[in-house]
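The values are calculated or read from the model by the stated rules, or taken from the named source; none is laboratory data. Here the structure is a predicted model, which means the values were calculated and not measured. Note that we place each Cβ from the backbone using ideal geometry, even for glycine, and neighbour counts take in every protein chain shown.
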Amino acid sequence: MSEESLIKVENLCKHFPIKGGLFNKQIGEVKAVDRVSFEIKRGETLGLVGESGCGKTTLGRTALRLLEPTSGKIFYGGKDITNLDYEEMKKMRRKMQIIFQDPYASLNPRMTVGTILSEPLNIHNLYTGVTNRKKRLRELLDYVKLPTDALNKYPHEFSGGQRQRVCIARALAVNPEFIVCDEPVSALDVSIQAQVINLLMDLQKELGLTYLFIAHDLKVVEFISDRVAVMYLGNIIETACASELYGESKHPYTEALFSAIPVPDPTHIKKRIILKGDVPSPLNPPSGCYFHPRCPNMKEMCKQRFPDKSARTSTHHYSCFNPIQ
């Protein structure tokens with residue numbers, strides 16, 4: 001892992017307008033991602049966790065500019081890509097790819113695997129000769145440990161795990177440096193999840209990839225990630241090395257989230273933290289710290305303003321007025 005930042009995001013916001021009324025005017029906005037900042041070093045895996053609907057997928061797609069940011073800046077290798085035009089951004093797309101959550105929905109059922117893997121090569125005009133193209137397709141299948149005869153088959157002929165391997169091969173087709181893994185194992189059986197996770201880690205070592213790994217399974221994130229960021233209602237509220245965060249989290253929400261991790265030892269009694277109320281709506285978030293209506297450590301100042309980022313160590317940062325002691 002390099003000390004150089006490959007991806008850097010500063011105060012990134014993605015708000016979706018809500019329209020209604022007789023003239024279809026904007027009557028509100030959903031703050032899916034709100035003032036998020038983070039960076040990922042070259043060769044690193046940053047895990048991103050949080051409840052459903054907190055903005056993880058939106059953040060990943062906005063960082064790739066698959067969704068246009070409302071405000072903020074996105075840097076790739078030190079270059080500001082926030083306002084690049086279509087042609088400039090198309091060149092950058094070779095370096096940045098995504099693996100989608102659902103392998104059943106993200107593959108065209110009318111295309112063979114060979115056609116699916118050839119599509120990104122055609123878009124970027126790569127491996128144009130027939131011999132070079134076939135060699136590259138076989139190489140991609142070898143990366144994800146699928147047989148060569150898979151090129152002539154259709155997605156419905158594969159299991160879920162095999163389909164996700166095809167999705168991984170498609171992401172690798174254009175030799176990217178950075179891949180957003182958007183819950184790549186959540187739709188798979190547990191035994192298959194382990195195979196796909198190990199495959200992603202092997203590919204990272206072999207090809208020098210950098211990952212933003214989005215997931216719900218906290219143990220999977222701990223296993224694959226170098227650092228972990230915790231997201232709540234569009235904000236990143238705590239970031240640390242995986243061992244630090246899982247060993248000594250400081251934010252009350254992180255503590256509550258980690259208390260839900262099941263323990264395989266039936267004799268071990270684990271304290272379970274049940275948060276009160278529901279997650280607030282991103283259409284009308286609370287004032288101050290967004291977590292304060294559900295926080296057991298809430299103070300009056302939590303209602304008034306969002307807490308600044310505090311540092312426990314040089315790699316462990318959190319946003320809380322009253323952290324876990």
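Just to be sure before I move on: is N297 in contact with a Pro (Cβ under 6 Å, 6 or more places away or on another chain), modelled with pLDDT under 90, surrounded by fewer than 18 Cβ atoms within 10 Å (Cβ to Cβ) and not hydroxyl-bearing (S, T, Y) in the structure I sent? Taking the combined requirement at face value, the residue satisfies it.
Among the residues of region 10-53, count how many are among the acidic types (D, E) and out of contact with any His (no Cβ under 9 Å at 6 or more places or on another chain).
3
Note on region 49-93: residues that are farther than 27 Å from S225 by Cβ and loosely packed, with under 15 Cβ neighbours inside 10 Å amount to 10. State the number of residues belonging to region 176-198 that are farther than 14 Å from S225 by Cα and modelled with pLDDT of 95 or more. The qualifying residues number 3. Where residues in region 296-315 are assigned to a helix (DSSP H, G or I) and of a type outside the set (D, E, K, R), which of them is farthest from G53 (Cα to Cα)? Here the answer is M301. For P109, the criteria (1) touching a residue at least 60 places away in the same chain (Cβ under 8 Å); (2) surrounded by fewer than 13 Cβ atoms within 10 Å (Cβ to Cβ) hold in every case but one, which is (1).
The set of residues from region 37-90 being under 30 Å from S259 (Cβ atoms) and of a type in the set (F, W, Y) comprises just one member, F38. When residues in region 229-274 are screened for being surrounded by 13 or more Cβ atoms within 10 Å (Cβ to Cβ), out of contact with any Cys (no Cβ under 8 Å at 6 or more places or on another chain) and of a type in the set (A, V, I, L, M), 9 of them pass. Looking at region 229-275 only, could you name the residues that are farther than 24 Å from G288 by Cα and in a strand (DSSP E or B)? Listed by number, the list holds a single entry, C241. Within region 113-133, one or more residues are of a type in the set (D, E), in a helix (DSSP H, G or I) and closer than 25 Å to R61 by Cβ. Taken together, V190, V166 contain a single residue that is touching a residue at least 12 places away in the same chain (Cβ under 8 Å) and either more than 13 Å from the chain's Cα centre (by Cα) or buried (at least 17 other Cβ atoms within 10 Å of the Cβ) (or both), which is V166. Please verify whether region 33-48 includes one or more residues that are among the β-branched types (V, I, T), under 21 Å from P282 (Cα atoms) and surrounded by fewer than 20 Cβ atoms within 10 Å (Cβ to Cβ). No, there is no match, as no residue in region 33-48 is among the β-branched types (V, I, T), under 21 Å from P282 (Cα atoms) and surrounded by fewer than 20 Cβ atoms within 10 Å (Cβ to Cβ).
Just one of the numbered conditions (1) more than 27 Å from L46 (Cβ to Cβ); (2) assigned to a loop (DSSP other than H, G, I, E, B) is not true of P293: (2).
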